[in-house]
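Scroll down for the structure; my scribbles are underneath it.
The values are calculated or read from the model by the stated rules, or taken from the named source; none is laboratory data. Remember, it's a predicted structure, so these values are computed and weren't measured experimentally. Every residue, glycine as well, gets a Cβ built from its backbone with ideal geometry; the counts of neighbours run over all protein chains shown. Calculation scope for accessible area: heavy atoms of the full protein, side chains included, ligands and nucleic acids excluded. Shrake-Rupley method; radii C 1.70, N 1.55, O 1.52, S 1.80 Å.
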Amino acid sequence: MTRRSVGQRFLVAACLAGGTHAAFSLYWAVGGGWLFDTVGRGAVDLQAERPLAAAAVLVAAAAVKGAVAVLPLLVERGRLARLRRLARLGSWLAGAVLVVYGTVIALVSAAVLSGAIAVDGDIDRRGMLGHALIWDPLFAVWGVCLTIGLWCTRQRGRLGDAVQVDSYAAG
């Protein structure tokens, strides 16, 4: 198996993780309720008080997640060749944000749930569980798969791609 084919598999995995996020956002936007309370009390309150605003936010989130999930795979498969450099640069940034955000929020949520971080007042236990065990780990997995996929499918010296540094000394 070549480095590129491994990378493509990671990009598919990233697309599936991001697509899952996007699908849930769209599902909730059209009124679905399964697992919605695991996003947090604020989202549930917004949907109850201002359903059109909540739907608009969720549709926008689904669109962004869907684009970030699908774009790297489309670019790698030869579609959108003119956007390759820009799309890969954006994907590298997205991958880094997804890894950091997903990991940090999952760990902080777990720390709050375990009591390692004390908070004043009561916590939204169901929302914290969702962030600790579902949504933010999925963000992190998405980001890890995306960055591995981008690394494995990189081309040397191209803007938006990681540049491989040779380990030998110039002489």
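Table for the structure above
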item	result
Scan of segment 9-32 for residues that are polar (S, T, N, Q), free of Cβ contacts under 8 Å to residues at least 60 places away in the same chain and open to solvent by 20 Å² or more (accessible area, probe 1.4 Å), ordered by number	none
Check on residue 76, of a type in the set (Asp, Glu), open to solvent by 50 Å² or more (accessible area, probe 1.4 Å) and over 15 Å from the mean Cα position of the chain (by Cα)	no
Pick from segment 6-63, criterion part of a helix (DSSP H, G or I) and among the β-branched types (Val, Ile, Thr), ranking: nearest to the chain's Cα centre (by Cα)	20
Selected residue [at pLDDT 95 or above, among the aliphatic types (A, V, I, L, M) and over 18 Å from residue 92 (Cα atoms)] from 146, 133	133
Check on residue 93, assigned to a helix (DSSP H, G or I), more than 14 Å from the chain's Cα centre (by Cα) and either modelled with pLDDT of 95 or more or at positive phi (or both)	no
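Yes or no, residue by residue, for (1) among the acidic types (Asp, Glu); (2) modelled with pLDDT of 95 or more; (3) open to solvent by 60 Å² or more (accessible area, probe 1.4 Å):
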position	(1), (2), (3)
5	no, no, no
34	no, yes, yes
39	no, yes, no
49	yes, yes, yes
83	no, no, yes
97	no, yes, yes
100	no, yes, yes
